[in-house]
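The structure under discussion is supplied below as structure tokens; questions concerning it will follow.
A short reminder: the numbers here are calculations on the coordinates, not readings from a lab. Quick caveat: nothing in here was measured; it's all calculated off a predicted structure. Don't worry about glycine lacking a Cβ; one is built from the backbone with ideal geometry, like all the others, and counts go over all protein chains shown.
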Amino acid sequence: MKLIHLPLIAVFAFLLGCGQPWDAELEREEPVAAADNAAPTAMGQGQSAETSDSDLFSAAHLGLRLVGPAAQDPAVPCQECVDQEITAQFTENEISIREMLHFDKTLFFTWPENAFPTKIRTAYFKHRVQNPMNQLLGPPDRFPVSFEAGTRVWFIPISKLARLMDHDPSFQQWLGLDLVLADGRRLEIQIRFRALGILPAMVTSQIATTLPGNAHEYAKRIGESKWLLRRESISNPANRPLRVWTRLQPVDLRLSTVLTFNRYQDQPRAAPVGPIPETYLSSASASSGALLVHRQGEDQRLIMVPGHWVPIDLAPAESVTLEWVTPMIGSTPCRVPPEVRRTAHWEWRSAVRCHRGECMGGEYYPRYQDVTETWGITGAAIVGSWGRDLRVANPFTPEDLATASEHLISEDEKVNQVRLLYSEGFRVREQVGTPISAARGEFACQGVFR
């Protein structure tokens, strides 16, 4: 047998190579990017045994999960809970979540401390939003990631990502992770997704309406083909567009107007008697309505058929004023006759004076008096009932869901798809002037006087 003599330095080199740590070669190599057309993988799903060592520090090995809170402490994630149904596309340092995430509950992004061959020692995150014009919004501030020592996981409460709740779901959410491993290696991983937060509570308020100071003005306002039922404002508090759905409930309103004619009664041998009030009653009804939408620079009139839903789109942070009005129908608006100025004539007889059997006087002399006979509205009232429904939804929520009967909308849908604002009915009983009683007669032209 022939012996091969190796130089001493070669022997030492061979022995030194055999004693290297198992991951020393990984530390010298750059991670290999995953194929862009790789099939989507469920988050948290195990990787193939054939994964190369250079891939062990890629984003696919982060073990990202989206879970709810622990039962014993809602401030930390629940590790034994079932993950949210999410699939993702991976590249070397990016995780792209395909579904729209609905953050309607307390949720956490989590990943284990030992996600990589060496443990994660420190972790920071920053959150920015990219709008459809590819503009990044928000300051690139870094925040520390929370760590749960009991379960050895890093986690970010969704509540810390405030912009999720505020922006249009068409915006891209960017969550950047800055991780430092125990061996000093630094990894930067981007998580990209779109999110839909809880539907915000709309800001609504009723704007006080005052009755006219007198019955004439009251009836005149009604005679302008509308009666103002309610005025209210509604505001979108979010920085994303929302859609308000509204409908008119059945309207059953009745108007009564008391018309008084102040006349003078002529007498042949005396001054006219008056003014003598003669009262007439006019009435009208309402069974439909309209909605006037006042917004900056634009007014819109929507015909409201009871029971039919109508959408109103609100831009981010926009406020509108809604005026619910109803036209009076079943009557013919008519004009009150103008006042009558006339001269009343009668004969005045002088006093008879008798002296020593002789009487003087008793002659008739013509007299006259100017009188003014006027029409006036001395009382008006409107009684009955009406109502309206208001809901807020996302612009992309299907109409059949946004307008569905309440019992057909699930509790989850009421949080992030359709928020039921109001379903209110109102009783109306407003009166001005003289109480309306049985009329002495019917005026020839029924309806609203003006």
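Using alpha-carbon pairs under 8 Å, 6+ residues apart, how would you state the relative contact order of the range 54-197 in percent?
27
Using the Karplus equation 6.51 cos²θ - 1.76 cosθ + 1.60 (θ = phi - 60°), what ³J(HN,Hα) coupling, rounded to whole Hz, does each residue of the range 170-178 give in order, writing x for Gly and Pro?
6, 6, 8, 9, 10, 10, x, 9, 10
Further, regarding this structure: For the range 223-309, which trypsin sites (Lys or Arg not before Pro) pass both filters: DSSP loop (anything but H, G, I, E, B) and at most 10 other C-beta atoms within 10 Å?
Counting only loop positions with at most 10 other Cβ atoms within 10 Å, the trypsin sites (Lys or Arg not before Pro) in the range 223-309 are 269.
Say the dipole of the range 115-193 comes from +1 at the beta carbon of Lys and Arg and -1 at that of Asp and Glu; which of 173, 129, 117 then lies farthest toward its positive end?
Going by the charge dipole, the pick is 117.
Still on this structure, I have one more. Lys and Arg at +1, Asp and Glu at -1: add these up for the other residues within a Cβ distance under 9 Å of residue 169 and post the number. Before the final figure, lay out each step's value.
Numbers: positive: 194, 240; negative: 168.
The answer is +1.
Using a ≥ b ≥ c from the Cα gyration tensor of the range 54-197 (square roots of the eigenvalues), is it rounded, prolate or oblate, where a/c under 1.5 gives rounded and otherwise the larger of a/b and b/c decides, a/b for prolate?
oblate
Would any residue of the range 103-123 have its amide N under 17 Å from a label point 7 Å out along Cα→Cβ of residue 410? List them or say none.
Inside the label zone: 103-106.
Would you please give the FRET efficiency between residue 206 and residue 396, computed as 1/(1 + (r/R0)^6) with r the Cβ-Cβ distance and R0 = 25 Å, to the nearest 0.05?
Efficiency, rounded to the nearest 0.05: 0.25.
Once the Cβ-Cβ distance between residue 231 and residue 356 is put in as r, and R0 is 60 Å, what FRET efficiency do you end up with, to the nearest 0.05?
On the way: r = 84 Å, r/R0 = 1.39.
With R0 = 60 Å, the Cβ-Cβ based efficiency is 0.10.
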